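The values are calculated or read from the model by the stated rules, or taken from the named source; none is laboratory data. Note that the structure is predicted; figures quoted are calculated from it, not measured. When we count neighbours, we look across all protein chains shown, and the Cβ atoms used for this are built from the backbone with ideal geometry, even at glycine. Just the protein is used for accessible areas: all its heavy atoms, side chains included, with ligands, DNA and RNA removed. Shrake-Rupley method; radii C 1.70, N 1.55, O 1.52, S 1.80 Å.
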Amino acid sequence: MPAIPPELILLLTSLLVAWLVFTWFIKVLKASINTALSVAVIILVLQLLFGIGPQEFFQQIFSLPEKLGELFRRQ
């Protein structure tokens, strides 16, 4: 039985690793796009139904840690 050349083994494992990294990247990209679309829909609904703009929304998001800290300090 002839031995498998090391170059072939290296090529096949490299292709396998490249495929795994590529599929992981696609999954991360899909999740990121899904999250971005969800945030965009939420902001659009807030804008249309309540008149809350993106600046106000993100201002509240950025002040959330401070508000949570105040809430825990009171207890």
Looking at PHE25, is it assigned to a helix (DSSP H, G or I), of a type in the set (Phe, Trp, Tyr) and under 18 Å from the mean Cα position of the chain (by Cα)? yes
Consider ILE52 carefully, then state whether it is at pLDDT 90 or above, surrounded by 10 or more Cβ atoms within 10 Å (Cβ to Cβ) and assigned to a loop (DSSP other than H, G, I, E, B). yes
From the list LEU15, LEU46, LEU64, LEU68, which residue is more than 18 Å from the chain's Cα centre (by Cα), surrounded by 11 or more Cβ atoms within 10 Å (Cβ to Cβ), among the hydrophobic types (A, V, I, L, M, F, W, C) and part of a helix (DSSP H, G or I)? LEU46
Would segment 20-40 turn up any residue that is on the phi < 0 side of the Ramachandran plot and at pLDDT below 95? yes
Residue hits (segment 1-12; among the β-branched types (Val, Ile, Thr) and surrounded by 10 or more Cβ atoms within 10 Å (Cβ to Cβ)) are ILE9
Could you give me the residue pairs with C-beta distances under 9 Å whose first residue belongs to segment 48-74 and is among the β-branched types (Val, Ile, Thr), whose second residue is open to solvent by less than 70 Å² (accessible area, probe 1.4 Å) wherever it lies, and which are 6+ apart or on separate chains? ILE52/ILE43; ILE52/LEU46
